[in-house]
Each structure stands twice: as C-alpha cells, then as structure tokens.
Amino acid sequence: MERIDEHSHNERTWAMFCHLGAFAGYIIPFGGIIGPIIVWSIKKDQYELVDDQGREAINFNISMIIYYLVSAVLILALIGIPLLVALFFFRIIITVVAAIKANEGVRFRYPLCIRFLT
C-alpha cells in the first residue's frame, strides 16, 4: 500500500466511492460491478487515484463473483455453504477497509484479487 499525500480531498472521496459502489450489489443484480464501473468511468480521466482504485474495485468484484460461483458449485461437496458465508463477510470487511484506505490517499490492493484490468 502506497500513501500519496498530493491527492485532493475530492480525488480521495471519489476513490472511496469506487470501493463503496460495490455495495450496490446488495440492492440490484450485478450492482457490485456496475457501481464501481460507473464511478470509475466518470472520474478516471480526471483523477489518477480514482483510475487506479476503480480498476482495483472492479477487478475485486469480478473475482468475488467467480469465487461465489465456485462456492455455489461446491455446495454439492458440502464445503460450499461455509465458503459462501466466509466470502460474504470477507467481501464486506475488505471493501470497508479499501474504502477507508482510499479515502486516506492509499493505493489499496485487495487480497485474492485477479487483475483483469491492468
């Protein structure tokens, strides 16, 4: 995690919204990806931190969908239910941590994230 002090308050706030946009997934289907994509696409050219954190949030949420699908299949092997529960809490906690770090101007990197967008 790299802290950069030259980011403006607005830039850090929009970077935080890239991460918090993932919570839209609890309201609308695929909102966990759509929310960060909307914030990222609107502000990526204006703010460097938003471009970086938006790509990170999108990558993480795509990764989480893949992990949810694999866990759903593993329900047949009886390991899927605990995995789904663990993923649910992991996603909430790490998204809040990422939002806080982004608001501090830190380039946060999610664990277990597949980097689709580089």
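The values are calculated or read from the model by the stated rules, or taken from the named source; none is laboratory data. Source: prediction; values computed, not measured. Positions of Cβ are generated from backbone atoms using ideal geometry, with glycine treated the same way; all protein chains shown enter the neighbour counts.
Listed here are the residues, each with its yes/no results for (1) acidic (Asp, Glu); (2) over 23 Å from ALA98 (Cα atoms).
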position	(1), (2)
GLU48	yes, no
ARG55	no, no
PHE60	no, no
SER63	no, no
SER71	no, yes
ILE79	no, yes
PRO82	no, yes
VAL85	no, no
PHE88	no, no
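Among the criteria (1) without any contact (Cβ under 8 Å) to a residue 40 or more places away in the chain; (2) of a type in the set (S, T, N, Q); (3) in a helix (DSSP H, G or I), the one GLN53 does not fulfil is (1). All of ILE94, ILE37, ILE66 fail the test of being assigned to a helix (DSSP H, G or I), at negative phi, surrounded by fewer than 16 Cβ atoms within 10 Å (Cβ to Cβ) and not hydroxyl-bearing (Ser, Thr, Tyr), apart from ILE66. Evaluating GLY105 against the criteria (1) crowded, with 16+ Cβ neighbours inside 10 Å; (2) at positive phi; (3) within 12 Å of the chain's Cα centre (by Cα) leaves one unmet condition, (3). Going by what's in this entry, would ILE75 be described as over 15 Å from GLY105 (Cα atoms), assigned to a helix (DSSP H, G or I), in contact (Cβ under 8 Å) with a residue 12 or more places away in the chain and among the β-branched types (Val, Ile, Thr)? Spelling it out, it is not the case that ILE75 is over 15 Å from GLY105 (Cα atoms), assigned to a helix (DSSP H, G or I), in contact (Cβ under 8 Å) with a residue 12 or more places away in the chain and among the β-branched types (Val, Ile, Thr). Is one or more of the residues making up region 100-117 in contact with a helix residue (DSSP H, G or I) (Cβ under 9 Å, 6 or more places away or on another chain), modelled with pLDDT of 95 or more, under 20 Å from PHE30 (Cβ atoms) and in a helix (DSSP H, G or I)? Checking region 100-117: not a single residue is in contact with a helix residue (DSSP H, G or I) (Cβ under 9 Å, 6 or more places away or on another chain), modelled with pLDDT of 95 or more, under 20 Å from PHE30 (Cβ atoms) and in a helix (DSSP H, G or I). Restricting ILE58, ILE42 to those that are among the β-branched types (Val, Ile, Thr), outside any loop (DSSP other than H, G, I, E, B), touching a Leu at 6+ places or on another chain (Cβ under 9 Å) and at pLDDT 95 or above reduces the list to ILE58. For beta carbons closer than 9 Å, sequence separation of 6+ or different chains, a first residue in region 8-20 that is surrounded by 22 or more Cβ atoms within 10 Å (Cβ to Cβ) and a second that is of a type in the set (Ser, Thr, Tyr) and in a helix (DSSP H, G or I), the qualifying pairs are HIS19/THR95. All conditions but one from (1) touching a Phe, Trp or Tyr at 6+ places or on another chain (Cβ under 7 Å); (2) over 17 Å from LEU20 (Cα atoms) apply to LEU78; the one that does not is (1).
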